[in-house]
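> Quick one: the structure is below, questions incoming.
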Amino acid sequence: MTTWKIDPTHSDVQFKVKHLMITTVTGQFGTFDATMQTEGNDFSTANISFSADINSVTTQNAQRDQHLLAGDFFDAAQYPKLQFVSKEVKKIDDETYKLIGDLTIRDNTRPVELSVEFGGEVVDPWGQTKAGFELSGKINRKDFGLTFHATTETGGVLLSDEVKLLASVQMIKQS
C-alpha cells in the first residue's frame, strides 16, 4: 500500500452558493487534512479520508463567516469538523474518475459523488512525488442540516439549496 498526504499549502477546498439567485458567493476552508491509500500508484484503488475544520471557513466577509459558524448553518461549537470517507473510485479513463463516498456535516451523513480530474504526477525539486487532482460535485445543503431559509421582500429566495463543491489538491507520496 502507498500512503499519500494532502499538501495543504498547494490545495484549496471551496464551496459556492447562489445568493439572491443572481450571484455566487464562494467560501473555503483554510484548515483541512486528507489521507489517501492506494495500491502502488493505481488511483482507482484509492481509499480516501478527508476532514475540514469548520472554524476555518471564510467567505471574505467577517459577518457572514460568523453566521456560517452559528446554529443556522454549521453550528461549529457543536460540530467542529466535516468529514468525507470514500467508498468507491470508478476509473472513467486515464484522467477522469468518479469518487463515491459519505460526507458528514452536522452529524448528517449522506452519500455524494464527485467528479475527479487527474492532473498528473511529478517529482518536485525536493524529491517529493506529488499527484494533482481537481474535484467537483454538488450537494443539497438541507440534506446536511443547513436549513437556514429567508426570503426577500418580494418573495425571492435568499440562498440556493444547491451547493457546489470544488477542490484542487496536491497529494504527497509518503516514504
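Please treat every number below as a calculation from the coordinates, not as lab data. Predicted model, so just to flag it, every value in this text is computed and none were measured. FYI the Cβ positions are ideal-geometry reconstructions off the backbone, even for glycines, and counts take in every protein chain you see.
> Taking 0.36 nm per residue of sequence separation and subtracting the Cα-Cα distance, how much length would be gained by fully extending the chain between Arg64 and Glu88, in nm to one decimal?
Working it through step by step, the gained length comes to 5.1 nm.
> Applying the Karplus parametrisation 6.51 cos²θ - 1.76 cosθ + 1.60 with θ = phi - 60° to the phi angles of segment 119-124, what ³J(HN,Hα) value in whole Hz is obtained for each residue in order, glycine and proline being reported as x?
x, x, 10, 8, 9, 6
> Now, a different point. With the cut-off at 1.5 for a/c, could you classify segment 42-175 from its C-alpha gyration tensor as rounded, prolate or oblate? Let's see the in-between values first.
Values: a/c = 2.21, a/b = 1.87, b/c = 1.18.
Judged from the Cα gyration tensor, segment 42-175 comes out prolate (a/c at least 1.5, a/b above b/c).
> Quick one: length gained pulling Asn140 to Thr9 fully straight, 0.36 nm per residue minus the C-alpha distance? Each step should come with its number before you reach the end.
Working: separation 131, 0.36 × 131 = 47.16 nm, distance 2.86 nm.
Using 0.36 nm per residue and subtracting the Cα-Cα distance, I get 44.3 nm.
> Work out how much length Asn41 to Thr23 would gain on full extension: take 0.36 nm times their residue separation and subtract the Cα-Cα distance, in nm to one decimal.
The span from Asn41 to Thr23 would gain 2.5 nm if fully extended.
> If I model a spin label at Glu162 and Gln174 as a point 7 Å from the Cα along the Cα→Cβ vector, what separation in nanometres do I get?
It works out to 3.8 nm between the two label points.
> If you don't mind, another one. Whose amide H sits under 5 Å from the amide H of Thr31, counting only residues 5 or more places off or on another chain, with H placed in the peptide plane?
Asp53, Ser56
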